[in-house]
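Working notes for the structure below.
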Amino acid sequence: MTQAMIDYRVLTDAVTLACRAPSLHNSQPWRWTSDGTVLHLHADRTRLMWSADSAGREMLLSCGAALDHLVVAMAAAGWNCAVERFPDPHDPDHVAIVRFTPADAVTEAQRRRADAVLRRRTDRLPFDEPSHWAQIEPRLRLSVIPYHVMTDVLLDRDRARLAEASRLTETLREYDPSYQAELDWWTAPFASNDGVPPTALVSESEARRTDVARSFPLAAHGDRRPGVTADHAKICVLSTHDQDARLDVLRCGEALSAVLLEATLAGLATCTLTHMTELAASRDIIRRLTGQVGSPQLLIRIGVTPSEGDPPPMTPRRALGTVLELRS
């Protein structure tokens, strides 16, 4: 089949949107190559977190989210995507090949979804409870069905147990010098295009009001959102049948993108959490709370932010030329 040529600007704009996907410590562990007809996505092991993610599971989650962001961006530009996942059995880091065909039309819903990519950001501050959750939850559950991922929303009565498990996880990490050194590196204030900048971190008082969270170095902010005295976010868990199966993990990353964008479209704030799924003991606790036989891959805090005050700034991204190679 003859491949359609994609306009250079369309392709670069779509990859730019795809790279807005969340990743562990904003490491952006992906590389893209294209000859103008197909697009290849590769995991970039030079961005791997060897202490927090030695198996590369979260690297694949990030690539999955970027892949789904790309499909969303191309749909809004008038292109259908046919995705072949892990096309090369001899290259486990060759995540996907994406082929394109012109779409008959672009819907307003597709445009709004692409716009949501630019509005979404990771918000580590405490949230209010979403008042219209009964209407939102079914939409979030429906959004992950194409990815064959299991979705659970933790009951409010289990929040204390989950918070205790989160604190235990972080306490264990306090005595892991490799983990702490890695965390310090990716939160260093001198980074300009990757990592977690000081504006995305929380102060001591803000951290005390968010009971399920990864412990980052504290920032010197004032007390933002003082009216939210405790975090009342809903917590969604995405699980797969196999903890380390590459395809399952990649598809879960794609499902993460779908949930985040659906929540953004509903006017909700989000924060993706993976610290508890990095340790087997914490995964077991989450599994017992959800009643799932599968493996929890990540959690998402979903809630409402006060109308007053600005949202946290968007985190920086690497220059497009460092992640996209166009070949003639």
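Looking at the range 165-190 only, could you name the residues that are surrounded by 17 or more Cβ atoms within 10 Å (Cβ to Cβ) and small (G, A, S)?
Restricting attention to the range 165-190, the residues satisfying the condition of being surrounded by 17 or more Cβ atoms within 10 Å (Cβ to Cβ) are 165-166, 169, 173, 179, 182-183, 186-187.
A165, S166 - these are the residues of the range 165-190 that are surrounded by 17 or more Cβ atoms within 10 Å (Cβ to Cβ) and small (G, A, S).
Picking from S282, S328, S295, which residue would you name as being within 24 Å of R85 (Cβ to Cβ), among the hydroxyl-bearing types (S, T, Y) and not assigned by TED's automatic domain parsing to the domain that holds L24?
One residue alone meets the criteria, S295.
Just wondering, is there one or more residues in the range 74-84 that are in contact with a Pro (Cβ under 8 Å, 6 or more places away or on another chain) and under 21 Å from Q243 (Cα atoms)?
Scanning the range 74-84 turns up no residue that is in contact with a Pro (Cβ under 8 Å, 6 or more places away or on another chain) and under 21 Å from Q243 (Cα atoms).
In the range 301-315, what residues are farther than 25 Å from V237 by Cα and touching a helix residue (DSSP H, G or I) at 6+ places or on another chain (Cβ under 8 Å)?
Passing the criteria: only P313.
What residue, of P138, P146, is under 29 Å from H40 (Cα atoms), exposed (fewer than 14 other Cβ atoms within 10 Å of the Cβ) and out of contact with any Pro (no Cβ under 8 Å at 6 or more places or on another chain)?
Of the residues listed, the single one that is under 29 Å from H40 (Cα atoms), exposed (fewer than 14 other Cβ atoms within 10 Å of the Cβ) and out of contact with any Pro (no Cβ under 8 Å at 6 or more places or on another chain) is P146.
Scan the range 170-181 and give yes if some residue there is more than 23 Å from S27 (Cβ to Cβ), more than 23 Å from the chain's Cα centre (by Cα), in a loop (DSSP other than H, G, I, E, B) and among the β-branched types (V, I, T), otherwise no. Quick ask: steps written out before the conclusion?
Let us first name the residues in the range 170-181 that are more than 23 Å from S27 (Cβ to Cβ), namely 171, 175.
This time we only want the ones that are more than 23 Å from the chain's Cα centre (by Cα), so: 171, 175.
Subset that is in a loop (DSSP other than H, G, I, E, B): 175.
Next cut, among the β-branched types (V, I, T) only: none.
No - not one qualifying residue is present in the range 170-181.
How do the pairs read when you match residues in the range 105-132 that are buried (at least 20 other Cβ atoms within 10 Å of the Cβ) with residues anywhere that are polar (S, T, N, Q), using Cβ under 6 Å and keeping only pairs 6 or more apart or on different chains?
Short answer, once both residue conditions are applied: R120/T264; P126/T210.
Pick from the range 283-321 the residues that are of a type in the set (S, T, Y) and in contact (Cβ under 8 Å) with a residue 60 or more places away in the chain: which of them is farthest from H25 (Cα to Cα)?
If we take residues in the range 283-321 being of a type in the set (S, T, Y) and in contact (Cβ under 8 Å) with a residue 60 or more places away in the chain, then T290 is farthest from H25 (Cα to Cα).
Residues to consider are T305, T290; find the one that is β-branched (V, I, T) and under 20 Å from R119 (Cβ atoms).
Matching residue, one of T305, T290: T305.
Which condition number does N80 fail, the rest of (1) under 14 Å from L11 (Cα atoms); (2) polar (S, T, N, Q); (3) part of a loop (DSSP other than H, G, I, E, B) being met?
If we test N80 against (1) under 14 Å from L11 (Cα atoms); (2) polar (S, T, N, Q); (3) part of a loop (DSSP other than H, G, I, E, B), just (3) comes out false.
Among the residues of the range 196-212, is any surrounded by fewer than 16 Cβ atoms within 10 Å (Cβ to Cβ), of a type in the set (A, V, I, L, M, F, W, C) and either under 20 Å from E278 (Cβ atoms) or in the same structural domain as T272 (by TED's automatic domain parsing) (or both)?
Among the residues of the range 196-212, not one is surrounded by fewer than 16 Cβ atoms within 10 Å (Cβ to Cβ), of a type in the set (A, V, I, L, M, F, W, C) and either under 20 Å from E278 (Cβ atoms) or in the same structural domain as T272 (by TED's automatic domain parsing) (or both), which makes the answer no.
Restricting to the range 274-323, name every residue that is of a type outside the set (S, T, N, Q), touching a Leu at 6+ places or on another chain (Cβ under 6 Å) and within 21 Å of A43 (Cβ to Cβ).
L298
So how many residues does the range 276-328 have that are closer than 20 Å to E129 by Cα, among the hydroxyl-bearing types (S, T, Y) and surrounded by fewer than 17 Cβ atoms within 10 Å (Cβ to Cβ)?
Selection size over the range 276-328: 1.
Can you find a residue that is of a type in the set (K, R), in contact with a Gly (Cβ under 7 Å, 6 or more places away or on another chain) and surrounded by 14 or more Cβ atoms within 10 Å (Cβ to Cβ) anywhere in the range 217-226?
yes
The values are calculated or read from the model by the stated rules, or taken from the named source; none is laboratory data. Note that the structure is a prediction, hence the values are computed from the model and not measured. Reconstructed Cβ throughout: ideal geometry from the backbone, glycine too, with neighbour counts over all protein chains shown.
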